[in-house]
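One structure below.
The values are calculated or read from the model by the stated rules, or taken from the named source; none is laboratory data. Note that the structure is a prediction, hence the values are computed from the model and not measured. Neighbour counts run over all protein chains shown; Cβ positions are idealised from the backbone, glycine included.
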Amino acid sequence: MKFLKVLLNSLLCGLCFCFLLALLVDGLNINARFHPAFLARLSLELFIAYGLAMTIFSLAVFFIYNFFSSKKNDISFISPTFLALGFSLVIFFFLLLFWVNIRHFNAFFSPLVRSQLKMQMAVLFSLGLMGIAVTVLFYRLRKKPVFFWAYALLFAAGMAVVVWQRPPLIQQRPASKTSVLEAPRITNRLTLLGLEGLSFDFIIPLLSQDKLPNFSHLVENGSWGRLAGFTPNESEVLGASLDTGKLPYKHRRLSAFAYRLRNHPQRMDVVPRFIFFHQLSRLGLLKPASAEAHARSTDLWQIFSDCGLTVLRRDRPIPAENVPAGQKAETAFTLQFADLRFETSPLFTPARQSFFQDTRFEEEANQERQRMQPRVFSLMLSGLNTVEKYFYQYSFPDLYSGVDAGDAAKFGSVIEKYYQFYDRILGRYLASLKEDETLIVYSPHGIEPLPYWKRLLGWVSGRPGVSADHEQAPDGAIFFYGKNIVRARNIEGWRVIDLAPTLLYLLGLPVGRDMDGIVRSQVFVKEFTAENPIFYISSYEDITIKAPEQ
């Protein structure tokens, strides 16, 4: 009978935790409206996994305490002392989870929303302390139940405040387009070469060894710097911020995919991190869903189109496993990886597939570029990012335990050779650069080694062999090169949101004041900045840019 009593109280603690977790999920999804029915449904669905886990934990804590306690601990079916202490324990654990998630998704929240989230944390922390306090007072003041009745009322009121403080759905201001502005006649050309995964942790040592002559040319004759991003460091989110100059809470692109509950239509663009929430899909509790198309801010490509610029943008490579090699790619691969051309180990497969993907994609894009002669050309290659994820451990075997010495000797130079492959691609663009053209080479993130526990989780979750990632937003790299660019200067403080306003300024277009990024004018020579003052407008959502009249 005692076990049933403890079990019932533990189940209530588990239910409390699931309700709080559902509130967290709801708060992270800034594109979704608050629906009490969805919150209740989500709490019950989460109970199958997290509620039972918290129940088992509560049972274990009680019986361990009971085992070491010198006095008999009676308990009722609804035990005020058990629930007060249990709820406090649940709240403090949840607050830790809440805090790390809010930090991770900080870019999703406006300053106003951040203040509301802090209020939620303060209320919950007060409820946690209150549960401990009333239990102490209960035993010190002859077990008067009035304290628990008071606590129950305060707990209910506090939870109501937490729900009420849920950040409201902030609708994007509809584009009013009340004014029309004629764009200046643009004579400059712009080439954006995205090489995902570029990191100065590799570039600087390779430059010192004279192994990247074209990157060395950029450093000596252009401007460069580290490019800071934010978390979550996902390509879709970073790309939207790069294109709009805005943080996610403004452009509203939160993920490339979404989840939904079983038999429930509401999508969740964002789910909590650090508690294996994604793994609920393996239990059938979550179903993958396509990300819902939310209204988005006007981006660079829409602005360029409105200005009448010819634009060629290629940043969605064909998946590597679907790319046929071709004789030209095979020959290039043999030359680049001469010592590994006969390698058949599956460990080498990611490098081979990535090389073929990048070679084919870049070749097709460059041919189209030569045919179209666009005013703005953008290309993103992602092979290096994949190679770094799988081969980082072989470049730095001392950072890892269990790396086979033979594999480290064999594959230790793969990342270096891939940088040299990109250096050759860069050389072709430098050789064909026109006088009125500015070349920007960039990566929105770098790479860093995964800790052991994350590599272990990778094995469990079906990602064996991954030894590095960019989840915590390691700095990427950016290079500017052209006649209007300052030479041999390291520009500090670059952020991904600074690229859009800087490019608009370079082309003589106005910068929106609603952009979070700023114009990095230090990258340009004084003559250019003196002749071209920064021109601001309120927002590209308010003003229509039209092409200049012929």
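Could you pull out the residue among LEU112, LEU85, LEU96 that is surrounded by 20 or more Cβ atoms within 10 Å (Cβ to Cβ), of a type outside the set (Asp, Glu) and out of contact with any His (no Cβ under 8 Å at 6 or more places or on another chain)?
When all the criteria are applied, what remains is LEU85.
Is it the case, given these coordinates, that TYR50 is under 18 Å from ILE132 (Cβ atoms) and aromatic (Phe, Trp, Tyr)? Write out each step before concluding.
Numbers: under 18 Å from ILE132 (Cβ atoms): no; aromatic (Phe, Trp, Tyr): yes.
No, not satisfied.
Any residue that is of a type outside the set (Val, Ile, Thr), part of a helix (DSSP H, G or I) and over 24 Å from the mean Cα position of the chain (by Cα) - is there at least one of those in region 101-116?
no
I'd like to know if region 209-225 contains one or more residues that are over 26 Å from MET380 (Cα atoms) and modelled with pLDDT of 95 or more.
Within region 209-225, one or more residues are over 26 Å from MET380 (Cα atoms) and modelled with pLDDT of 95 or more.
Among the listed residues MET121, MET130, which satisfies the condition of being under 28 Å from the mean Cα position of the chain (by Cα), among the hydrophobic types (A, V, I, L, M, F, W, C) and either within 20 Å of SER88 (Cβ to Cβ) or not in a helix (DSSP H, G or I) (or both)?
Numbers: MET130 fails: under 28 Å from the mean Cα position of the chain (by Cα).
It is MET121.
Residues ILE91, ILE56: which one is crowded, with 17+ Cβ neighbours inside 10 Å and at pLDDT 90 or above?
Numbers: ILE56 fails: crowded, with 17+ Cβ neighbours inside 10 Å.
Just a single option satisfies the conditions, and that option is ILE91.
Within region 172-180, is even one residue of a type outside the set (A, V, I, L, M, F, W, C), part of a helix (DSSP H, G or I) and either surrounded by fewer than 20 Cβ atoms within 10 Å (Cβ to Cβ) or at pLDDT below 80 (or both)? If you could, list the steps in order and put the result at the bottom.
Going through region 172-180, the residues of a type outside the set (A, V, I, L, M, F, W, C) turn out to be 172-174, 176-179.
Going one step further and asking which of them are part of a helix (DSSP H, G or I), we end up with none.
Looking for residues that are of a type outside the set (A, V, I, L, M, F, W, C), part of a helix (DSSP H, G or I) and either surrounded by fewer than 20 Cβ atoms within 10 Å (Cβ to Cβ) or at pLDDT below 80 (or both), one finds none in region 172-180, hence no.
Name the helices (runs of 4 or more DSSP H) wholly inside region 1-90 in which the number of residues that are without any contact (Cβ under 8 Å) to a residue 24 or more places away in the chain is 3 or more.
In region 1-90, the matching helices (runs of 4 or more DSSP H) lie at 36-46, 52-68.
Among the candidates ASN73, ASN66, ASN31, ASN101, which residue alone is modelled with pLDDT under 90 and surrounded by 20 or more Cβ atoms within 10 Å (Cβ to Cβ)?
ASN31
Hey, any hits in region 214-231 for a residue that's part of a helix (DSSP H, G or I) and among the aromatic types (Phe, Trp, Tyr)?
Yes, some residue in region 214-231 is part of a helix (DSSP H, G or I) and among the aromatic types (Phe, Trp, Tyr).
Identify all residues within region 257-299 that are under 24 Å from LEU242 (Cβ atoms) and either of a type in the set (Asp, Glu) or loosely packed, with under 14 Cβ neighbours inside 10 Å (or both); write none if there are none.
PHE257, ASP269, SER290, GLU292, ALA293, ALA295, ASP299
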